[in-house]
Amino acid sequence: MLKHVVFFKFKDGVGEDEIVGLEKSFAALPPVIPEILSYEFGRDVVRSERSCDLALFLHSRILNPCNATKNTPLTRLCQKRLTSYVSPSWR
């Protein structure tokens with residue numbers, strides 16, 4: 001089992017609706033990707049300059065479970081949202 005911990009910092013101007021949409025997309029991934037054993041995410045509560053905006057924690061059977069099924073509509077949607085919302089230095 002592998003543990004993935006990913007932190008994201010959003011671009012300026014990314015709103016609550018976009019963040020909620022991204023969270024919903026992430027939450028929908030485990031049923032689509034059987035290699036994901038467990039999954040959770042959380043938003044920043046500290047709100048310091050050094051803080052990330054969102055953290056994602058995955059336990060999976062393989063190194064990169066999203067690459068295993070990257071051609072599904074849902075994984076493409078997640079990638080599109082990440083590219084649009086996340087600061088380039090945090091991708």
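At-a-glance table
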item	result
Residues being in a loop (DSSP other than H, G, I, E, B) and either modelled with pLDDT under 85 or under 14 Å from residue 3 (Cα atoms) (or both) - total across the stretch 50-77	8
Residue, surrounded by the most Cβ atoms within 10 Å (Cβ to Cβ), within the stretch 1-58, restricted to residues that are touching a residue at least 12 places away in the same chain (Cβ under 8 Å) and of a type in the set (Lys, Arg)	9
Residues that are modelled with pLDDT under 90 and on the phi > 0 side of the Ramachandran plot, drawn from the stretch 2-49	47
Subset tally (residues that are closer than 23 Å to residue 88 by Cβ and not in a helix (DSSP H, G or I)) for the stretch 11-45	9
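The values are calculated or read from the model by the stated rules, or taken from the named source; none is laboratory data. Keep in mind the model is a prediction, meaning the values are calculated, not measured. For neighbour counting, all protein chains shown are included, and Cβ atoms are generated from backbone atoms with ideal geometry for every residue, glycine included.
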